[in-house]
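Chemist: Sharing a structure, written as structure tokens. Questions coming.
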Amino acid sequence: MTDDRVSAGSPDQPDAAPGQGRPDVEAPRAARRPRSTDPLELGFTPRKPVPWLAPLLLISTGIRTLLALLFGAYLDKRELQNALDARIGRQVGPDGGLWLDYVADLGDGFNATYSIAYLLAQPELTVDGHRLPRAQTLVMGGDQVYPSAAYEAYEDRCKGPYQAALPVAPPERPTLFAVPGNHDWYDGLTAFLRLFVRSRDRNFGGWTTGQSRSYFAVELPADWWLIGLDDQSGSYLDDPQLSYFDEVARKLTPRSRVIVAVPAPTWVKAADHPTAYDSVDYFIRTIIAPTGAQVRLLLSGDLHHYARYAGPDRQLITCGGGGAYLYPTHELPERIEVPPRDTLARRASRTRPYDLAACYPDRARSRRYGWGILARLPFRNPGFATLLGTLHTLLMLAMAGVATNRAGTSEQRLFSVPLMIMLVVALLGAAFFAKPPSAGGKRHARHWILGVSHCLAHLALAAAGTWAWLRLPFYEWPWPLPAVAAAVVYGPVLGLVAAELVAAYLLVAGSFGVNVNELFAGQGIEDAKAFLRLRIDPDGTLTIYPVAVDRVSRDWQVNPDQTPHAPWLLPKTPLTPHLAEPPITLH
């Protein structure tokens, strides 16, 4: 079944103000423009950025990852989607061309997510002299919510900000398609399907959801095609998905050009995890290639930056700058081979080289951002510093007991964790921090060396702290006053010092390609965001405009007295987008 959608949009989204002609029906919340940023006015709660190094979040994320590894196959709902309509979309603008936006990794803190949503919703952007009208099609490339796929998180971190940016559909009635990422998968796609795959009430703010499954295919102007793959949960594509794309392939011709949106830039990750690209390569090799069509562009999010690798006939673009914390670019390889030569796939496509053509932020700026960990880590992650202070306090009490050879009372012995246990905890914690068991990719000697060195550094800090503590009068006080003094005085001081030690370790480890994600997750940098605006001309020319924003807005003012489709909130300081690199043209 083909779903033809042109710029006139969907008939199930009314032009008139909701409730018009029905005085007995209460108007939806979108019709009542908020007059403050109170959640009761907005209909959602603007959230702060996710504190990725918070202890409880680290534990819960680890548990979710473990459950996904153990039970992911049982939660996989892709086979069940065979019962859903197999719709193939069509998107064409009024002039026979099309404007299309791509954004990914967007459902984090409100300031960054809404800044990008606000730009996407503007009727027109002027960027470095280029006039870029609002797109008729929006593609969300994965991780529409953080940290978990709870429905409330989608409402507060994704749908709410986008509804505030475009409350009611404009005349061109844009359509939305979404690819699920790993965070969308934590509940087995339940919330994702309820939000993006619906047969009724398909309004997502001013956009209309256009897909019938967690994957999609859309016919674009001039024999261009957009394909969204769902291969997040493993290195295979399910049979219903392959059958769906078999039907799509029957519409492709040797003149067709294809854009494939995937959840993660497996072309980059394959350098450390050789099987990562296998499912994408299998799809291109078995579904697209036999038709004679060419895959000219691969799009992905997952890594929160902009990077483009250029090959002889294909562009590989990562653009995960929709709102999540910035991910560095200075560790990206200058050249990659796709598929990698050491893949285990027996029938892999011929390996081709791709060179890094551009990235945002640039390498020099990315390195400067890395140094910010020293100032940001303890203050952006107070819970992490508290955890470190608690562990160092217990370690100090254990070392002090051994150093003074004092057994103490039974209560004191119960309170003081044996030194050997604390040493094991420190060693395992540092080793797993350098390379968690759930992390994909190869474990190299540098992971062990850096992990053990990190542990020894903390033990040295604990020994120095114990030496200093024993020279203070607190340890001679009657029990339990030494423990109280340690919790009030020693713990906060050592927590701050230990956090700076972790920051220094992350700087060193990052230069060896270890804990690069933690180096930037610990900072939670909201700035340096990006999205793509693509233009397909009626003659088939595709132009890619990578739109970047150096600084997102932190201050907003309500906009209560404007037209229904105007944004609810305006930045107090205007956003100044620019191009991350000159436009890229494909024919």
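Chemist: From the set of residues in the range 319-329 that are touching a helix residue (DSSP H, G or I) at 6+ places or on another chain (Cβ under 7 Å) and open to solvent by less than 10 Å² (accessible area, probe 1.4 Å), which is farthest from Tyr354 (Cα to Cα)?
Modeler: Only one residue fits best here, namely Gly323.
Chemist: Now a separate question. Tell me, yes or no, whether the range 235-257 has at least one residue that is under 24 Å from His183 (Cβ atoms) and among the basic types (Lys, Arg).
Modeler: No: zero hits.
Chemist: Exactly one of (1) part of a helix (DSSP H, G or I); (2) open to solvent by 30 Å² or more (accessible area, probe 1.4 Å) is unmet by Pro478. Its number?
Modeler: Evaluating Pro478 over (1) part of a helix (DSSP H, G or I); (2) open to solvent by 30 Å² or more (accessible area, probe 1.4 Å) leaves (1) as the failure.
Chemist: Could you say which residue among Phe531, Phe512 is surrounded by 23 or more Cβ atoms within 10 Å (Cβ to Cβ) and over 25 Å from Ala463 (Cβ atoms)?
Modeler: Result: Phe531 is the single residue among Phe531, Phe512 that is surrounded by 23 or more Cβ atoms within 10 Å (Cβ to Cβ) and over 25 Å from Ala463 (Cβ atoms).
Chemist: Regarding the range 269-277, can at least one residue be identified that is surrounded by 23 or more Cβ atoms within 10 Å (Cβ to Cβ) and closer than 30 Å to Leu119 by Cβ?
Modeler: Checking the range 269-277: not a single residue is surrounded by 23 or more Cβ atoms within 10 Å (Cβ to Cβ) and closer than 30 Å to Leu119 by Cβ.
Chemist: I'd like to check something: does the range 244-254 contain any residue that is open to solvent by less than 30 Å² (accessible area, probe 1.4 Å), more than 30 Å from Arg551 (Cβ to Cβ), in a loop (DSSP other than H, G, I, E, B) and not polar (S, T, N, Q)?
Modeler: Yes, some residue in the range 244-254 is open to solvent by less than 30 Å² (accessible area, probe 1.4 Å), more than 30 Å from Arg551 (Cβ to Cβ), in a loop (DSSP other than H, G, I, E, B) and not polar (S, T, N, Q).
Chemist: So which of Ile525, Ile536 ends up being open to solvent by less than 20 Å² (accessible area, probe 1.4 Å) and modelled with pLDDT of 95 or more?
Modeler: Ile536
Chemist: Looking at Ala499, Ala426, Ala504, which is the one that is closer than 30 Å to Lys269 by Cα, assigned to a helix (DSSP H, G or I), in contact with a Pro (Cβ under 6 Å, 6 or more places away or on another chain) and modelled with pLDDT of 75 or more?
Modeler: Ala499
Chemist: Suppose the filter is crowded, with 22+ Cβ neighbours inside 10 Å, modelled with pLDDT under 90 and closer than 25 Å to Gly383 by Cα; does Tyr490 pass it?
Modeler: yes
Chemist: Here's another thing I want to ask about it. Considering the range 196-239 alone, what residues qualify as being in a loop (DSSP other than H, G, I, E, B), open to solvent by less than 10 Å² (accessible area, probe 1.4 Å) and aliphatic (A, V, I, L, M)?
Modeler: Leu220, Leu229, listed by residue number.
Chemist: Assuming Leu356 fulfils every condition listed in (1) closer than 24 Å to Val50 by Cα; (2) touching a Leu at 6+ places or on another chain (Cβ under 7 Å) apart from one, which condition is it?
Modeler: Of everything listed in (1) closer than 24 Å to Val50 by Cα; (2) touching a Leu at 6+ places or on another chain (Cβ under 7 Å), Leu356 misses just condition (1).
Chemist: Being more than 21 Å from Ala217 (Cβ to Cβ) and among the aliphatic types (A, V, I, L, M), is that true of even one residue in the range 293-309?
Modeler: yes
Chemist: Now a separate question. May I ask you to list the residues in the range 94-113 that are touching a Pro at 6+ places or on another chain (Cβ under 6 Å) and closer than 15 Å to Val547 by Cα?
Modeler: Trp99, Thr113
Chemist: Can you tell me which residue in the range 114-144 is nearest to the chain's Cα centre (by Cα), limited to those that are of a type in the set (D, E, K, R) and open to solvent by 10 Å² or more (accessible area, probe 1.4 Å)?
Modeler: That would be Arg134.
Chemist: Kindly indicate the residue of the range 278-300 that is in contact with a strand residue (DSSP E or B) (Cβ under 7 Å, 6 or more places away or on another chain) and polar (S, T, N, Q) and also most open to solvent (accessible area, probe 1.4 Å) among those meeting that condition.
Modeler: If we take residues in the range 278-300 being in contact with a strand residue (DSSP E or B) (Cβ under 7 Å, 6 or more places away or on another chain) and polar (S, T, N, Q), then Gln294 is most open to solvent (accessible area, probe 1.4 Å).
Chemist: Is it true that some residue in the range 271-293 is under 25 Å from Gly93 (Cβ atoms), touching a residue at least 24 places away in the same chain (Cβ under 8 Å), not in a helix (DSSP H, G or I) and not acidic (Asp, Glu)?
Modeler: Yes.
Chemist: Any idea which of Gly540, Gly524, Gly510 is within 30 Å of Thr126 (Cα to Cα) and within 30 Å of the chain's Cα centre (by Cα)?
Modeler: Gly524
Chemist: Moving on. Name the helices (runs of 4 or more DSSP H) wholly within the range 312-408 that hold at least 3 residues that are under 22 Å from the mean Cα position of the chain (by Cα)?
Modeler: 363-371, 373-380
Chemist: Suppose the filter is open to solvent by 10 Å² or more (accessible area, probe 1.4 Å) and closer than 28 Å to Asp555 by Cβ; does Asn111 pass it?
Modeler: Considered against the rule, which asks whether it is open to solvent by 10 Å² or more (accessible area, probe 1.4 Å) and closer than 28 Å to Asp555 by Cβ, Asn111 comes out as yes.
Chemist: Please give the number of the condition Arg346 fails out of (1) modelled with pLDDT of 95 or more; (2) open to solvent by 10 Å² or more (accessible area, probe 1.4 Å); (3) out of contact with any Cys (no Cβ under 9 Å at 6 or more places or on another chain).
Modeler: Of the numbered conditions (1) modelled with pLDDT of 95 or more; (2) open to solvent by 10 Å² or more (accessible area, probe 1.4 Å); (3) out of contact with any Cys (no Cβ under 9 Å at 6 or more places or on another chain), the odd one out for Arg346 is (1).
Chemist: Could you please let me know if Tyr151 is within 24 Å of Asp302 (Cα to Cα), open to solvent by 10 Å² or more (accessible area, probe 1.4 Å), touching a helix residue (DSSP H, G or I) at 6+ places or on another chain (Cβ under 9 Å) and not β-branched (Val, Ile, Thr)?
Modeler: yes
Chemist: List the number of the failed condition for His183; all other conditions in (1) farther than 18 Å from Asp230 by Cβ; (2) modelled with pLDDT under 90 hold.
Modeler: (1)
Chemist: Within 29 Å of the chain's Cα centre (by Cα), among the acidic types (Asp, Glu) and within 26 Å of Tyr545 (Cβ to Cβ), is that true of Asp281?
Modeler: no
Chemist: Let me ask something additional. Quick one: which helices (runs of 4 or more DSSP H) sit completely within the range 103-183 and have at least 2 residues that are among the charged types (D, E, K, R) and either touching a residue at least 24 places away in the same chain (Cβ under 8 Å) or within 26 Å of Tyr327 (Cβ to Cβ) (or both)?
Modeler: none
Chemist: For Phe531, state whether it is out of contact with any Asp or Glu (no Cβ under 8 Å at 6 or more places or on another chain), within 22 Å of Pro49 (Cα to Cα) and not in a loop (DSSP other than H, G, I, E, B).
Modeler: Against the criterion (out of contact with any Asp or Glu (no Cβ under 8 Å at 6 or more places or on another chain), within 22 Å of Pro49 (Cα to Cα) and not in a loop (DSSP other than H, G, I, E, B)), Phe531 does not qualify.
The values are calculated or read from the model by the stated rules, or taken from the named source; none is laboratory data. Since this is a predicted model, take the numbers as computed values, not measurements. Glycine also receives a Cβ, built like all others from the backbone with ideal geometry; neighbour counts cover every protein chain displayed. Note: accessible area is taken over every heavy atom of the protein model, side chains too, but ligands, DNA and RNA are not part of it. Shrake-Rupley method; radii C 1.70, N 1.55, O 1.52, S 1.80 Å.
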